[in-house]
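Data first, discussion second: the structure below is written as structure tokens.
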Amino acid sequence: MPFCGIHFNLLTRIIISIEKAQRILGGNKMRIALAGNPNSGKTTLFNAITGKTEFVGNWPGVTVEKKEADLKRKYSVKGESIRIVDLPGAYSISPYTSEEAVTRDFILGESIDVIINIVDGANVSRSLFFTTQLIELGIPVVVALNKHDIVNRRGDKIDAQALSKELGCEVIPTTATSETGLSELIKKVVEVKESNKVQKALKFENQNTEKEDLGRQKLVDKIIGKCEVKSRKASEITFSDKVDRIVAHKWLGLPIFFLIMWGVYTFSIDGLGGYLSGYFNDVLFGEIVPNAANGFLENIGVNPLLQALIVDGAIGGVGAVVGFLPLIMVLFFCLSLLEDCGYMSRVAVVMDRFFKKIGLSGKSIIPMIVGSGCAIPGVMATRTIEDMNQKRMTTILTPFIPCGAKLPIIALFAAVFFPTSTWVAPSMYIIAFVMIALGGLLLKRLFVWENNSQFILELPEYKIPSLKHAIIQMFDKAKGFIRKATTIILVCNTFIWFAQAYSWQLQPVQDQSLSILASLGSFIAPILIPLGFLGWQLAAATLTGFIAKENVVATFAVILAVASEEALHVPGGALTGFFTPVTAFSFLVFNLFTPPCFAAIGAMNSEMGSKKWLFRALGFQFSVGYFLALCITQFGTLLLYGKTAVGFVPAMIILIVMTMYLIYAIKKADAKRNALELVGESA
Amino acid sequence: MVLSKAKMGETFKVKEVTGKEKIVKFLFTLGCYAGEEVTIISKLAGNYIVSIKDSRYAIDEGMAKTIVLDA
């Protein structure tokens, strides 16, 4: 096929040919893109017509990547196969935010057959700006006039026929949340594709001049005048506004936020989630499953070695982690409700003035709240931050919030060393906040960048969170968790079990310290001495934590189950041989503040934009974790036990070196700053 | 008069939007440009809550200073 008139280089030609071949081989599937304003209901519609469970949150910037899936069979018109692509929200084709760039690049670059433009019925006039731009792309557009339930509830009237006439393309009223109008929508889309007609671009004044956008807005106003009748002025005070006055209040806002988050975590960890998890850990995986498995395996006469592998290695390790499943599920259920009702944008408003002090904006709180479930979507959520430096800083600080995978570690140490205190788990979050604040301030001083945070965020109307969606999210997360447990963690555990039972010569060992794992751990162990952590076991556990944080618990379960028969979680159990309460707390902090698991590091890599920054980020995170653990162990032991801890001398040396380096780095940054004459330090 | 000095609860016409081009364009697509109406709903936690077209937005002091109103 000739590419006349277009200058492509050879490589691009080859790639395009391959893609074309793929499409032809794939049966020329029809491809439909969903485009529209943020928060207009694209992802809800996407989930409804594809059967997927992509995350829907009631704040702008939830969808940060394009997502693809096939149309559900129930919606297909003649049984053909249709591919749907959900794009991040955009207000226009010329991008200000990175989500808008994805949308623009995608629509202009890929072969889309039909665009479904989802127009937010709650704000038609703003949505139409983008619509008029989409109409000009030369691809057939069908408008889904979404949130029709809200339009009716408000008493507004939108004439879909008139709108269709004005725009020159089909307009179908829909309500994605109740799946109303969706079959008509798809039918219309297929009709439009088969008729091979493309709508004409709309004419308006000042086209192709620099006043083009103004002309476009005037056209939109004219169209709205003909098609929409509002029942009340948009500037009237609504119920949402009244709630905001309290929830986003200057003084009340912050305590309310903490109260809500405390409620979510207490309910998940101490309440329902914790109760069920306790049962799982103590009864189900502590007795029932291992006893049944042992009985069964003995009865069928399995080799005792294999039996140990299965019961102590596989079941023991995985069981230690899967026991936490109920807790994780309840947490995600609550977070989903919170995120769905629209409160998150208000949190960003409340936190803005605090984040400004460390050079960020209120938007940075959202990745952190998402990160409290899992750091991976948390880090990805930083894409809504336009400023690259603020984005990097938020990416570095987000993993400090304990994620769901770290909860088993917290629970384990709290149960064994601090069984009667309820302050241990909350203290981890408080330390996280403090470190985010301090870390932010430190980053601001260490790196030279301009400080110009401008904050604008849409506040969507509050809505009753969907229980259905929360339940779907909960089971989705549970599925993912079990998948992770039965693959990564299981494989890791099997290896760990093997590595602690055998020597390098592949001979079984009675004494663990002669095993493969012991020698691997001993390699790393010296680094941990200044932190007061002795023994290859601790090094091994920390290392496995990078594959998945849950592994720290699983690894202990495997290593120690062989050494002693007591269940791991009993107060004063097997772990007490390795730690004092002070060093236990320190170990907890160390594992929580070092760089996150590899998967999360991968997400960080995508967001940082360069390897140089990725290594800076990892270096920073590791230093923070190391420094904190060092201080807690050394000074804590001094203060509480009145004697020096193990590794005191090397610890002090390291401390002095670290401090000196820090002072040096700050002075260097200050000099650079003065040289550039940046007077951006507002604090 | 800039938006940060405007009275709460009142509606104004925008006179002009100053500042970086990217941001001016972004505000434009939301409906904030010369001739359009903007209502100041309230001031919460240091941010201004404004109503542009049919939506609510929270903007900080810095951004509020770039929007000049007709009054």
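We did not get these values from a lab; they are worked out from the coordinates using the rules stated. For clarity, every value in this text was computed on a predicted model and none was experimentally measured. So basically every Cβ, Gly included, is an ideal-geometry build from the backbone, and we count neighbours across all protein chains shown.
Counted over the protein assembly as shown, the DSSP beta bridges are approximately 60% antiparallel. Between A:Leu506 and A:Ala69, the contour length at 0.36 nm per residue exceeds the Cα-Cα span by 152.6 nm.
To the nearest 20 debye, what is the magnitude of the charge dipole of the protein assembly as shown about its Cα centre, counting +1 on the Cβ of each Lys and Arg and -1 on the Cβ of each Asp and Glu? List each step's numbers first, then the result.
Working: 75 positive and 63 negative charges, 318 e Å.
Dipole of the protein assembly as shown, to the nearest 20 debye: 1520 debye.
Distance between the modelled labels on A:Thr209 and B:Lys20, one decimal in nanometres: 2.9 nm (7 Å Cα→Cβ projection). With Cα atoms as the point set, chain B shows a radius of gyration and Dmax of 10.6, 29 Å. Using a simple spin-label model with pseudo-atoms 7 Å out from Cα toward Cβ, A:Phe239 and A:Leu534 lie 6.4 nm apart.
Report the relative contact order of chain A, percent, no decimals, based on alpha-carbon pairs under 8 angstrom and at least 6 residues apart.
For chain A, the relative contact order is 11 percent.
Longest span of chain A, sites excluded, free of GluC sites (Glu not before Pro) in DSSP loop with at most 11 other C-beta atoms within 10 Å? Longest run free of exposed loop sites: A:237-449.
Between the listed residues A:Phe129, A:Ala101, A:Ile365, the Cα displaced farthest toward the positive end of the dipole of chain A, a dipole computed from Cβ unit charges relative to the Cα centre, is found at A:Phe129.
Just to confirm my numbers, what's the Cα centroid distance between the stretch A:370-407 and the stretch A:217-269 in Å? Computed from Cα coordinates, the inter-centre distance equals 25 Å.
Let a ≥ b ≥ c be the square roots of the eigenvalues of the Cα gyration tensor of chain A; is it rounded (a/c under 1.5), or, if not, prolate (a/b larger than b/c) or oblate? The shape class here is prolate. Cross-link partners of A:Lys242 among lysines, defined as those whose alpha carbon lies under 19 angstrom from its own and excluding same-chain residues fewer than eight positions apart: A:Lys233, A:Lys250, A:Lys463, B:Lys7, B:Lys43.
This model, with +1 at the C-beta of Lys and Arg and -1 at the C-beta of Asp and Glu, gives the stretch A:353-400 a dipole about its Cα centre of some 160 debye.
Rounded to the nearest 0.05, what FRET efficiency do A:Lys250 and A:Ile464 give with R0 = 30 Å and r taken as the Cβ-Cβ distance? Could you check? Efficiency for this residue pair is about 0.65. A Förster radius of 35 Å combined with the Cβ-Cβ distance from A:Met660 to A:Phe523 puts the calculated FRET efficiency at roughly 0.80. Pairs from the list A:Lys357/A:Lys391; A:Lys52/A:Lys468; A:Lys611/B:Lys25 with a Cα-Cα gap above 25 Å: A:Lys611/B:Lys25. Mean partner shielding of peptide B:29-38, defined as the number of other chain Cβ atoms within 10 Å of each residue Cβ, is 5.
Straight Cα distances below 30 angstrom link A:Lys643 to none of the lysines, with same-chain residues fewer than 8 positions distant left out. Among A:Arg383, A:Arg83, sorting on how many other beta-carbon atoms sit within 10 Å of each Cβ, with the fewest leading, yields A:Arg83, A:Arg383. Suppose R0 equals 30 Å. What FRET efficiency, 1/(1 + (r/R0)^6) with r the Cβ-Cβ distance, do A:Leu639 and A:Asp270 give to the nearest 0.05? Given R0 = 30 Å and the Cβ-Cβ separation, E is 0.55. Fewest neighbouring Cβ atoms within 10 Å first, the residues A:Ile32, A:Ile516 line up as A:Ile516, A:Ile32. Quick note on the stretch A:396-506: its Rg to Rh ratio, both from C-alpha atoms and Rh being the Kirkwood radius, is 1.10.
Quick one: grab the alpha carbon gyration tensor of the stretch A:101-231, order the square roots of its eigenvalues as a ≥ b ≥ c, and give me rounded if a/c is under 1.5, else prolate or oblate depending on whether a/b is larger than b/c. Provide the component values of the computation, followed by the final result.
Numbers: a/c = 1.71, a/b = 1.10, b/c = 1.56.
Oblate.
The ranking of A:Asp340, A:Asp156 by Cβ neighbour count inside 10 Å, starting from the fewest, reads A:Asp156, A:Asp340. Its Cα centre serving as origin, chain B has a Cβ charge dipole (Lys and Arg +1, Asp and Glu -1) of approximately 120 debye. Using only the Cα atoms of the stretch A:446-505, build the gyration tensor, take square roots of its eigenvalues as a ≥ b ≥ c, and label the shape rounded, prolate or oblate: rounded if a/c is under 1.5, else prolate if a/b is larger than b/c, else oblate. It comes out oblate by the Cα gyration axes. In the structure shown, the pairs A:Lys188/B:Lys53; A:Lys74/A:Lys200; A:Lys200/A:Lys230; A:Lys29/A:Lys197; A:Lys218/B:Lys15 are assessed against 20 Å; a Cα-Cα span above that value is assigned to A:Lys188/B:Lys53; A:Lys74/A:Lys200; A:Lys200/A:Lys230.
Note on A:242-249: average number of Cβ atoms from other chains within 10 Å of each residue's Cβ is 3. The residue list A:Ala201, A:Val143, A:Leu325 was ranked by how far each Cα lies along the charge dipole of the protein assembly as shown toward its positive end, using unit charges on Cβ atoms, and A:Ala201 comes out on top.
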